[in-house]
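One structure is given below, encoded as structure tokens.
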Amino acid sequence: MTTFDIAALCLVVTALLAYLNHRFVRLPTAIGVMVIALALSLALVALDAAGIASGLREYEASFVRSVHFSEVLMQGMLSFLLFAGALQVDLSALRRWRWQVAALAIGGTLVSTLVVGAAMWLALPLVGLPLPLLHCLVFGALISPTDPIAVMGILKSAGAPQELELVIAGESLFNDGVGVVLFALLVGVLATGEVPDAAQAGMLLLREAGGGLAFGLILGYIAFRLLKSIDHYQVEVLLTLATVMGGYALASHLHVSGPLAMVISGLMIGNRGRAQAMSDHTQRYIDMFWELLDEILNAVLFVLIGLEVILIAFSPALLAGGALAIAVTLLARWLTVAVPARAGAQALPDGAAHVLAWGGLRGGISVALALSLPLGPLRETLLALTYCVVVFSILVQGLSIGRVVRAVLPAHGADARTG
């Protein structure tokens, strides 16, 4: 199939599954389309095992392989999703919780990587899946970034405090970039066999993360000046689109973090640009364009996650390892949110740690990073473990976060029910 055929088929499948979800299933769109895609994939696996419709399974597997999920997300969708998310974040409100966001996005991602890596290295032999420590740390790095996009609507409907929504959104925007840099560092060690010293690792982090932040500031400022010089919403929407596509491509060539650059430029355009460079008319069109694009890309992304199961050969040992990975990941998440939830001059409400821990979903970026690993049996093991955590995270945590909010923050849950 050509690239256009693949894109067309992705969009058609996503639209049909979104229709089925809205018409019959009635789950939040991203979660609903993933549930249906996952159910269809598992049904084809079962039919193939029974000797029925083996051609359909092979057709789906061939289609999923042709999509190149890792490349599509990391070199395409991620830039749009991060920019669209940052565009809606109120920077003045985010500053109030900057220490919590920084602690979760940077310290939390680092600690989670180490805790998950060490715990999996110690525990996996118990289920007959021993992995080298470095591979376990790679798993820790790829599974630590949170992806709470799908749960944000549920948090709002459940009446979660605005500050919690802001902290979860801020953390997810920044820890994607931190997680990708950590993953790249560990995969580099895996490929070369050479462990960098503290100075080399620090320089790599400074170049990737610091360079991404600086490039994002420059990119955002240039876009801001261009937006300020005109008042024509079609051109201004086009400028924001060019900022994302051109900026992400240039960041890749400069070897700086494209995800962090998109977050910073999105924050600048969404705050300073909105206040000083856009008319109300332009703001409305830019918001509608990016909100719609964000919804479409999220739906496509979650459909692809649901379809990816067709490529994973699960075994009893892998399923046991997946259950272990879920428990370890939840434990690591709890350990990393307990202190930031109560730290800072302004502590989050009582019970916030429970919501932060349960609401820290893993999603497409973790699957994409696992798929980008070099081919081999260890890659297949890490991919299966990642998939188990992601599916549990989205389906179980994502669909139950509302009940968690109402249980641990009853005043806010009562406001939602009576409001």
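The values are calculated or read from the model by the stated rules, or taken from the named source; none is laboratory data. None of the values given here were measured: they were computed from a predicted structure. Here the Cβ is made from the backbone with ideal geometry for all residues, glycine too, and neighbour counts use every protein chain on show.
Right, Leu185: part of a helix (DSSP H, G or I), assigned by TED's automatic domain parsing to the domain that holds Ala141 and at pLDDT below 90 or not? Break it down into steps so the answer makes sense when it comes.
Details: part of a helix (DSSP H, G or I): yes; assigned by TED's automatic domain parsing to the domain that holds Ala141: yes; at pLDDT below 90: yes.
Yes: the conditions hold for Leu185.
Test Arg272 against the criterion of being within 29 Å of Leu134 (Cα to Cα) and either in a helix (DSSP H, G or I) or under 21 Å from the mean Cα position of the chain (by Cα) (or both), and give yes or no. When the stated conditions are applied, Arg272 does not pass them. Of all the numbered requirements in (1) in a helix (DSSP H, G or I); (2) modelled with pLDDT under 95; (3) exposed (fewer than 15 other Cβ atoms within 10 Å of the Cβ), Met288 misses one, and that requirement is (2).
I'd like to check something: does the stretch 120-134 contain any residue that is among the small types (Gly, Ala, Ser), surrounded by fewer than 24 Cβ atoms within 10 Å (Cβ to Cβ), within 30 Å of Thr192 (Cβ to Cβ) and at pLDDT below 95? Scanning the stretch 120-134 turns up at least one residue that is among the small types (Gly, Ala, Ser), surrounded by fewer than 24 Cβ atoms within 10 Å (Cβ to Cβ), within 30 Å of Thr192 (Cβ to Cβ) and at pLDDT below 95. Can you tell me which residue within the stretch 21-34, out of those that are without any contact (Cβ under 8 Å) to a residue 60 or more places away in the chain, over 17 Å from Gln397 (Cβ atoms) and surrounded by 14 or more Cβ atoms within 10 Å (Cβ to Cβ), is nearest to the chain's Cα centre (by Cα)? Looking at the filtered set, the residue picked out is Asn21.
For the structure I just gave you, tell me whether Leu375 is free of Cβ contacts under 8 Å to residues at least 24 places away in the same chain and farther than 18 Å from Ala320 by Cβ. Outline the logic, then answer.
Values: free of Cβ contacts under 8 Å to residues at least 24 places away in the same chain: yes; farther than 18 Å from Ala320 by Cβ: yes.
Yes: the conditions hold for Leu375.
Given Leu9, Leu91, which one is surrounded by 13 or more Cβ atoms within 10 Å (Cβ to Cβ) and either closer than 30 Å to Val339 by Cβ or touching a Gly at 6+ places or on another chain (Cβ under 7 Å) (or both)?
On the way: Leu9 fails: either closer than 30 Å to Val339 by Cβ or touching a Gly at 6+ places or on another chain (Cβ under 7 Å) (or both).
Of the residues listed, the single one that is surrounded by 13 or more Cβ atoms within 10 Å (Cβ to Cβ) and either closer than 30 Å to Val339 by Cβ or touching a Gly at 6+ places or on another chain (Cβ under 7 Å) (or both) is Leu91.
For a quick check of your reading: which helices (runs of 4 or more DSSP H) sit entirely within the stretch 4-73 and have at least 1 residues that are touching a Phe, Trp or Tyr at 6+ places or on another chain (Cβ under 9 Å) and within 30 Å of Tyr248 (Cα to Cα)?
Values: elements: 29-49, 54-67, 69-72.
Correct list: 29-49.
Checking each residue in the stretch 328-369 for being free of Cβ contacts under 8 Å to residues at least 60 places away in the same chain and closer than 23 Å to Gly306 by Cβ picks out Leu330, Trp358.
Exactly one residue among Val178, Val111, Val101, Val167 is aliphatic (A, V, I, L, M) and either over 30 Å from Ile296 (Cα atoms) or surrounded by fewer than 24 Cβ atoms within 10 Å (Cβ to Cβ) (or both), and that residue is Val111.
Restricting the stretch 118-135 to residues that are in contact with a helix residue (DSSP H, G or I) (Cβ under 7 Å, 6 or more places away or on another chain) and free of Cβ contacts under 8 Å to residues at least 24 places away in the same chain, which is nearest to Leu330 (Cα to Cα)? Spell out how you get there, then give the answer.
Residues of the stretch 118-135 in contact with a helix residue (DSSP H, G or I) (Cβ under 7 Å, 6 or more places away or on another chain): 119-121, 123-124, 127-131, 133-135.
Still in the list and also free of Cβ contacts under 8 Å to residues at least 24 places away in the same chain: 121, 130, 133.
Working: Trp121: 16, Pro130: 21, Leu133: 20 Å.
Per the stated criteria, the residue is Trp121.
Is it the case that the stretch 212-220 has a residue that's within 21 Å of Asp287 (Cβ to Cβ) and touching a Gly at 6+ places or on another chain (Cβ under 7 Å)? Yes, the stretch 212-220 contains a residue that is within 21 Å of Asp287 (Cβ to Cβ) and touching a Gly at 6+ places or on another chain (Cβ under 7 Å).
When Ile106 is tested against (1) surrounded by fewer than 18 Cβ atoms within 10 Å (Cβ to Cβ); (2) outside the structural domain of Ile394 (by TED's automatic domain parsing); (3) of a type outside the set (Gly, Ala, Ser), just one condition goes unmet, and that condition is (2). Here Leu56 does not fit the description of being closer than 30 Å to Phe4 by Cβ and surrounded by 19 or more Cβ atoms within 10 Å (Cβ to Cβ). Only residues that are within 19 Å of Leu94 (Cα to Cα) and crowded, with 17+ Cβ neighbours inside 10 Å were counted in the stretch 273-285, giving 2. May I ask you to list the residues in the stretch 214-236 that are in a helix (DSSP H, G or I), surrounded by fewer than 17 Cβ atoms within 10 Å (Cβ to Cβ) and not polar (S, T, N, Q)? Of everything in the stretch 214-236, those that are in a helix (DSSP H, G or I), surrounded by fewer than 17 Cβ atoms within 10 Å (Cβ to Cβ) and not polar (S, T, N, Q) turn out to be Ala214, Leu217, Ile218, Tyr221, Ile222, Arg225, Lys228, Val235.
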